[in-house]
Each structure stands twice: as C-alpha cells, then as structure tokens.
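Accompanying notes for the structure given below.
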Amino acid sequence: MDDIDTVVKDMSAVIADLVIYLESSGQSEAYAFFTQVQGQLKQVDGEDQLLEVFLLLSMTAFQGFCMDPFATMMADRVLDHAQQVAHTFSADDDIVH
C-alpha cells in the first residue's frame with residue numbers, strides 16, 4: 001500500500017462516519033456536499049485526484065450550509081487531516097529539518 005492509498009483509507013473512514021451522521025441527523029445540504037467528497041475520494045488513484053478532493057474540501061466553508069456542533073467537529077477532523085496531508089505532500093524533499 002502506498003502513501004496515497006493510506007491517505008484515502010484513513011480519510012474514507014472519517015468521511016464515512018460524517019456522512020452517516022449527517023444523513024441520520026437530517027442535515028441534507030451538508031450530507032450532499034460530503035457525499036460528493038466521499039464519491040471523489042473513492043475515485044482517487046493518484047496525487048492529482050487527491051489534490052482535487054482537497055480543493056473540494058477547502059470550499060467547505062463557502063457552501064452556505066450550517067451543521068450542528070457535533071457534525072462541525074467531525075468535519076473539522078476531516079479538514080485538519082486533509083491539511084496535514086497536503087502539507088506533508090508539499091514538503092520539499094531536498095530540505096532536511
């Protein structure tokens with residue numbers, strides 16, 4: 001399993017929990033958005049597609065829906081994870097820290 005597969009697996013689990021919660025709590029607009037993210041994540045087979053998922057996630061705040069506090073916490077976990085992964089992938093291999 002390579003790095004992309006690991007990221008997809010980890011993110012898929014967290015997004016799946018969020019999607020299930022959004023559906024069960026009747027937050028239909030947020031559910032539709034994160035279902036779209038989930039669908040794109042399932043199609044990832046390389047870094048370019050993963051970047052597209054991250055770009056979609058970066059637009060979460062501009063979607064115009066409101067989530068309850070628990071859903072917001074779950075979405076924040078997804079966004080934090082995506083941000084950490086994006087930072088890791090963008091690190092310069094030539095620089096030693």
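Quick note: the coordinates plus some simple rules give every number you see, no bench work behind them. Treat the numbers as computed from the prediction; the structure is a model and nothing was measured. A quick note on method: Cβ atoms are made from the backbone with ideal geometry, for glycine too, and the neighbour counts reach across all protein chains shown.
Quick check: the angle from helix 28-42's long axis to the longest principal axis of the chain, C-alpha only, nearest 10 degrees? With rounding to tens, the tilt is 30 degrees. In the chain, the C-alpha radius of gyration followed by the widest Cα-Cα span (Dmax) gives 14.0, 48 angstrom.
Between residue 48 and residue 86, the simple spin-label model (points 7 angstrom out along Cα→Cβ) gives 1.9 nm. Of the GluC sites (Glu not before Pro) found in the range 1-95, no site is in coil according to DSSP while having at most 10 other Cβ atoms within 10 Å of its Cβ.
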